[in-house]
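*Asks:* Starting off with a structure, shown below.
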Amino acid sequence: MMHQIEKLVCGVILLTGLLQTASAQYPGWQHSGSLTILTTSDGANLPASASEDGFPLLVRLHKDFFDFSQAKANGEDIRFSTSTGTPLAYQVEEWDAANGTASIWLRIPNIKGNARQELKLYWGKADASSESNGPAVFSADNGCASVLHMNEALKDELGTVTPVDAGTTPATGIIGKGRHFVPGKGINCGNNITNYPYSDSPFTSEAWFRAEAAGSTIFYWGRYATRYNGKTGDGNEVAINIGSPASLGWASDGPGGVAAGTAPVMGQWNHVAATYENGTSQIYVDGKLEGSNYHRAAMSLMNDIGVCIGGLRGGNYNFAGDIDEVRVSRVARSANWIKLEYENQKAQQTLVGSLVQPGNTFSVSPAEIKVLEGKSVAVTAQAGGAQKVYWILKKDGVETVAAVDRFSFSLPAGRVTADTSMTLRFKAVYANETKTRDIPVSIKEAIPEPVFTLRAPAAWNGRDTIEVIPAISNLAAMKAKGAGELKTTWIVAGGAVIKEIATDRLILKRSQYSGTITVKAAVNNGGADAMATATIQVTEPKKDAWVQRTPEKDEKPEDNQFYARDDKNEGTLYYNGTLDQAADTVFLKVYADDKVFKTESQKLAADKTYAFTVKLKPGLIKYKVEFGAKAGGTETVLRTVTNLVCGDAYIIDGQSNAEATGPNNGPTVDPETPLSTWIRSYGNQHNGDISGGWGNAIRTRIWGKPDYGFCQIGAWGMVLAKNLVEKYRVPICIINSSYGGTPIWHHQPNPTNHYDTSGAFYGNPYKIYGSLLTRVAGAKLTHGIRGVLWHQGENDQGSGAPTGDYNWKSYQQYFVDMSAAWKQDYPNIQHYYIFQIWPSGCNMGGTPAGDMLLEVQRTLPSLYSNMRIMSTLGIVSGSSGRGLAHFDLEGYAQIAKLIEPLVEQDNYGLIPTQAITAPNLKRAYFTTAAKNEIALEFGQPMAWKDGCKVWIYLDDVEAPISAGRVAGNAIVLQLTSPSSAKSIAYLSGKHWDGRPDKLLCGANGIAALVFCDVPILPQEPSP
């Protein structure tokens, strides 16, 4: 017993000596306290074998447990030490006494796993000067190369890079302040950084981010296409990317890099760390290893590189959201280090406790909570001597940490749809035990959700404006509870309409579809959505009146101008202005092929203005105009305009196979297609402006020359126009606004300004639309466009849309919205002609998403009453083959040949003797109870080849087809055995060999449209 007492006394003496040593380091400091690093299961939960040296530890102080009034105004007197009194280097990142928060980094000599380590905190010395020192915490000797806290100072703590802000703004970060990014804005850290990890040396690249959209780069460094070892193919950059649909990974333009198995959640903070060492690339997400990849000597980074945050190389800033705590290290951080970072820096951090409170009282008040929906309740606790405390919500068997290191907590009841129960647990971790106290929580429903129906007409002619209005039956009751502010989301399905969303209603302005549409509304007042639907039967008129354009007050013809004919087979020439000299009258003489066609004269108005309107006949006629004045019996011609024609105008839009320039850099401008005076265009397709004005259309000009793009309409546009001129003796104007490599969302109008041409192509997603409208308006053809021909989609076979999902999912809505804008800006459009792209075009498909893109293109015409679709699958030329990017001139000529009969039938009265359309599957169904035979109905005569069998799939597996046959407008497939398949598909981009010999075709020889995941009905539907 005496021996035990002696040991106890010695222990007390030793402890007293240690405390005296610690205190002796900071004489004059009025206050001190203890913090605890916990790597036990009650903390960061590291294995006992873990040991990390020189770790930068984040300590967050809060007014809940720290009295900021006892410290100097900016925390200059704050100090830290180990439990034995050894001073610790620290850096104050944030000190906000007014709001009672601080974020401080400490350099900890060593952190061990499954342990508790005490730290001492000192404050309260009026004459103390700050010893905050970032480089002492983050330095080369603990592996750091760059550390950017991303706060207002925006600096690298090691001085390795000099960040220059390019439009980001301060925002709430995961730690103090971070930076907010929008696409086009970022941070340039320099283009000649010489002391980052290079060659095949190890590194770690990491950041915290909260993304608002998928498809972007968080952090980039490297030198593209240049390698330290001079070899081709090794990784030369480190880019941490968010994919679309949302995914995470890092890439190197070489074998280095790896994808994460976990996708980031939009709007939530995530930590990502990319590491590399000895050929092993790894990625950690929120402290966990999520991907690993090995390739020997995968990296060859240059020692002179560029660094940017919020985008890829070259200032291509595309990140939307917030970024904080960006770091690069010259070592591959261990899994334990990265876990410590995440557990320490996340909002509900587990690694460090609050200041240990005096006493030993453990209590929580109130003992029970009853709260109304939408309200909150304050809960307080005492836990003297506890090293760390947690507030945990337990509901439906799920536990969620709601707060840490707080002795007061505000519990928000939130919104509920019925009375709800849960448990709030207060947990306190002590040196030798853990105490908990459970508080039952009852939330009583008190706020009504909206109750409504949709008030809408049952029928609509698709032309008069109608309104769909939510009729709210309990608005007064909601307002009485302070919840009368409503948010409504609208969806229109079944057909293409032009709509406007007002605060309290949906306005339907026009339909481009006849049939049944469904309007869905989701209304909420802060709680769950309430839903309602309405169906409207749309019956469009058989013919629409032609909308006349209002001329400008000084509008005059220009040399080479093209006039579009209207539904009365007339073009309209305006000659308006103000005369700047004295005259009795003014006159206008119009010549057709040098013969007087029309002569008009008029007296000037009081303000000397005049306005002539002359109707032109379409055809291969050259018009000339003479304008003049007559004074004292003498006529004087003041202006002559020549080479005017009248015919039909069309738009070609899309990406490179709509540009269709064919082989560039030819020996002359366009040797294959001589210019025709009867085929016109306006402005510059490549620049997207009106430069050059009117001219004879051309396939292409020489790339790189100053006039490249002027009046270019592409190869198949030229063939189509030439054929129409020859057959129908009418001039053709085509405005081609296509731009290569662009997804459909880069063809949308700016909702607030359809004429937006700002910025650069590929940068401003509205520029293509704005440039087209600018050219068409400059040509005075807004009311003369008869149809749009659309070939686009190669860049939509994957992902990248602003929706953050696969592009096929939003493709139809983008087209509906785009065509709605077309119809508003070009009100006399009669028809749309679209092409289903080549499977895995440009090698950008070959995936289920690529196949589904072709499927939504195939079904797009079902939303319109005036849309035709054509297959490109059967085109055979020297360029044909798997993964085709661009057709050659022969292939483009076949595109024109395929679409031409549809244009002729709609616009020139062609009466075909056989089907001229691409076979389009109408439905599929089992023909027998045994389900061993499937019929595919196409609505037109079909042909069958046994070779087609290999391209037909049931539930994504090659179909077991023993034979096939034609049955009228259907193909009947005999299966080798009964099938329980739910869907059928034809021609996968992944497997198709690019050859035309096994294609499914109509009796007309036109290849059928590819289809994907079409449901198989259990039996033939009733007529």
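*Asks:* Taking each pair of distinct Cα atoms in the chain once, what is the resulting Kirkwood hydrodynamic radius in Å?
*Replies:* 34.3 Å
*Asks:* Starting from the range 325-393, pick out the chymotrypsin sites (Phe, Trp or Tyr not before Pro) whose DSSP state is loop and whose Cβ has at most 15 other Cβ atoms within 10 Å.
*Replies:* The qualifying sites: there are none.
*Asks:* Still on this structure, I have one more. Anything over 26 Å Cα to Cα? Flag those among Lys120/Lys339; Lys112/Lys346; Lys72/Lys185; Lys444/Lys487; Lys608/Lys823; Lys556/Lys615, in the order listed.
*Replies:* The answer is Lys72/Lys185; Lys608/Lys823.
*Asks:* Could you do me a favour and compute the accessible area per residue for the chain, 1.4 Å probe, result in Å²?
*Replies:* Value returned for the chain: 41 Å² of accessible area per residue.
*Asks:* Quick one: Debye curve from the C-alpha atoms of the range 930-994, no solvent, what's log10 I(q)/I(0) at q = 0.25, 0.30 Å⁻¹?
*Replies:* At q = 0.25, 0.30 Å⁻¹ the computed log10 ratios are -1.18, -1.40.
*Asks:* Further, regarding this structure: Which of the peptides 134-140, 631-637 is most tightly packed, and how do the rest follow, judged by the mean count of other Cβ atoms within 10 Å per residue?
*Replies:* In decreasing order of mean packing, 134-140, 631-637 become 134-140, 631-637.
*Asks:* Could the peptides 27-36, 842-851 be put in order, highest first, of the mean number of other beta-carbon atoms found within 10 Å of their residues?
*Replies:* 842-851, 27-36
*Asks:* For the chain, what is the calculated [θ] at 222 nm in deg cm²/dmol (nearest 500), taking -39500 (n - 2.57) for each run of four or more DSSP H residues and dividing by its residue count?
*Replies:* Mean residue ellipticity at 222 nm (helix-derived): -4000 deg cm²/dmol.
*Asks:* First measure r as the distance between the Cβ atoms of Asp888 and Leu675, then evaluate 1/(1 + (r/R0)^6) with R0 = 25 Å and state the FRET efficiency to the nearest 0.05.
*Replies:* After rounding to 0.05, the efficiency reads 0.75.
*Asks:* Also: At 0.36 nm per residue, and after removing the present C-alpha to C-alpha distance, how many nm does the segment from Ala480 to Ala929 gain when stretched out fully?
*Replies:* 155.7 nm
*Asks:* Another question, then. Across the range 428-473, what fraction of all alpha-carbon pairs, as a whole percent, falls in each successive 10 Å bin from zero upward?
*Replies:* 17, 20, 15, 11, 12, 11, 9, 4
*Asks:* Next question, about the same structure. Could you work out what % of the accessible surface of the chain is carbon and sulfur, using a 1.4 angstrom probe and leaving DNA, RNA and ligands out of the count?
*Replies:* Carbon plus sulfur share of accessible area: 50 percent.
*Asks:* While we're here: Provide the FRET efficiency to the nearest 0.05 for the Ala140-Glu118 pair, computing r from the beta carbons and using R0 = 30 Å.
*Replies:* 0.55
*Asks:* How big is the gap, in Å, between the Cα center of the range 628-648 and the Cα center of the range 418-497?
*Replies:* With the range 628-648 and the range 418-497 each reduced to a Cα centre, they are spaced 69 Å.
*Asks:* Between Lys542 and Ala606, what length in nm is gained on full extension when 0.36 nm per residue of separation is reduced by their alpha carbon distance?
*Replies:* 18.6 nm
*Asks:* Here is a follow-up. Express in whole angstrom the spacing between the alpha-carbon centres of the range 569-598 and the range 379-408.
*Replies:* 86 Å
*Asks:* Defining a contact as two alpha carbons under 8 Å apart and six or more residues distant in sequence, what relative contact order in percent does the range 835-961 show?
*Replies:* In percent, rounded to a whole number, it is 17.
*Asks:* A follow-up question, please. Given 0.36 nm per residue, what is the gain on full extension from Asn696 to Ser473 after removing their alpha carbon distance, in nm?
*Replies:* Full extension from Asn696 to Ser473 adds 74.0 nm.
*Asks:* Mean Kyte-Doolittle hydropathy of -0.5 or higher plus an axial Cα length of 27 Å or more: which whole DSSP H helices in the chain meet both?
*Replies:* 2-25
*Asks:* What net charge is computed for the residues neighbouring Glu325, neighbours being all others with C-beta under 15 Å from the C-beta of Glu325, Lys and Arg scored +1, Asp and Glu -1?
*Replies:* -3
*Asks:* Let me ask another. Which order do the peptides 746-752, 808-814 take when ranked by the mean count of other beta-carbon atoms within 10 Å per residue, highest first?
*Replies:* Order by mean packing, descending: 808-814, 746-752.
*Asks:* Work the Kirkwood hydrodynamic radius out for the range 309-459: mean of 1/r over every pair of different alpha-carbon atoms, inverted, in Å.
*Replies:* Hydrodynamic radius (Kirkwood, Cα pairs) of the range 309-459 is 19.4 Å.
*Asks:* Working from the pairwise distances between different alpha carbons, so that the mean of 1/r is found and then inverted, what is the range 315-354's Kirkwood radius in Å?
*Replies:* Radius from the Kirkwood sum: 12.7 Å.
*Asks:* Cα centroids of the range 730-772 and the range 239-267: how far apart, whole angstrom?
*Replies:* Distance between centres, Cα-based: 30 Å.
*Asks:* Between Tyr755 and Ile911, what FRET efficiency comes out of the Förster formula 1/(1 + (r/R0)^6) with R0 = 51 Å and r the beta carbon distance, rounded to 0.05?
*Replies:* Calculated value: 0.80.
The values are calculated or read from the model by the stated rules, or taken from the named source; none is laboratory data. Since the structure is predicted, the reported quantities are computational estimates derived from the model, not experimental observations. Virtual Cβ from ideal backbone geometry, glycine too; neighbours counted across all protein chains shown. In case anyone asks, the SASA skips ligands and DNA or RNA and just uses the protein heavy atoms, side chains included. Shrake-Rupley method; radii C 1.70, N 1.55, O 1.52, S 1.80 Å.
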